[in-house]
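Here's the structure we're looking at; comments come further down.
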Amino acid sequence: MLLGFVWTIVKASCDIGKSVPDSNIYWNSYLPIFFDRMNACMRKHMTGEVSNYGLTSAHAVYLIALVLNGPMTQREMSAFLDMDAANTNRVVKTLREKGMVYDDRISPDARNYRIHLTEIGRKLGKDVMDSTTRWMDDVMSVVPREDVLNMRSTLLRILNEMDPDLEDYMKSKYANQFYTYLHSNPEGEKERFFVSRRVRDGDEE
């Protein structure tokens, strides 16, 4: 499906290029649309992995964040995922009800506490990460390695023009691919251009 979408876009670019040879309008919108569509496909895949638990990708990204970072406060999770506090509160409430997370508060009215993964929550988070990695590997397996390397080189050239701090980001500790999927604004770093982390309409709870 993703490759079919890419082919449709490429064909459209040829048609548009013939009619508007000197215009940059198409390419100015192409990449955001392309990566937004990839992100939507990835979110759909993640939802499929957790749907048996009554969850969606909106919940899965919080599980993955906790797998990557360990226990966090809700404020830390909101900052890490670039989500608003109200959304984080709703998601954590659902995950707690599903037995995926628990908190370490000392008393019921304690305000200073962190969210931890339960055993099943950690397993599910890791399963989603592994499944998504395998799925992306399968998607890319039909593209010749030379084409992948050329595409990577081209995209990095474009991104380098957009982000003057790209080299610093590439050398940062956020090497795990899921930091890139979830987290384009690491703590202490300037804002980055990678995958949008905003929850899509209808996928908040």
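Brief remarks on what is shown
- Residue satisfying all of: in the range 36-80; within 12 Å of the chain's Cα centre (by Cα) and among the small types (G, A, S); modelled with the lowest pLDDT among these: A40
- Selection count where residues are part of a helix (DSSP H, G or I) and either touching a residue at least 60 places away in the same chain (Cβ under 8 Å) or farther than 19 Å from T47 by Cβ (or both), scope the range 63-87: 17
- Qualifying residue in the range 81-88 (condition: among the hydrophobic types (A, V, I, L, M, F, W, C), farther than 18 Å from N39 by Cα and surrounded by 15 or more Cβ atoms within 10 Å (Cβ to Cβ)): no
- A single member of M136, M100 is surrounded by 10 or more Cβ atoms within 10 Å (Cβ to Cβ), out of contact with any helix residue (DSSP H, G or I) (no Cβ under 6 Å at 6 or more places or on another chain) and among the hydrophobic types (A, V, I, L, M, F, W, C), and it is M136.
- Residues being more than 17 Å from L55 (Cα to Cα), in a helix (DSSP H, G or I) and either among the polar types (S, T, N, Q) or at pLDDT 90 or above (or both) - total across the range 114-137: 4
- Residue tally, condition in a loop (DSSP other than H, G, I, E, B), on the phi < 0 side of the Ramachandran plot and at pLDDT 95 or above, over the range 88-113: 2
The values are calculated or read from the model by the stated rules, or taken from the named source; none is laboratory data. Values in this document were obtained by computation on a predicted structure and should not be read as measured data. Neighbour counts run over all protein chains shown; Cβ positions are idealised from the backbone, glycine included.
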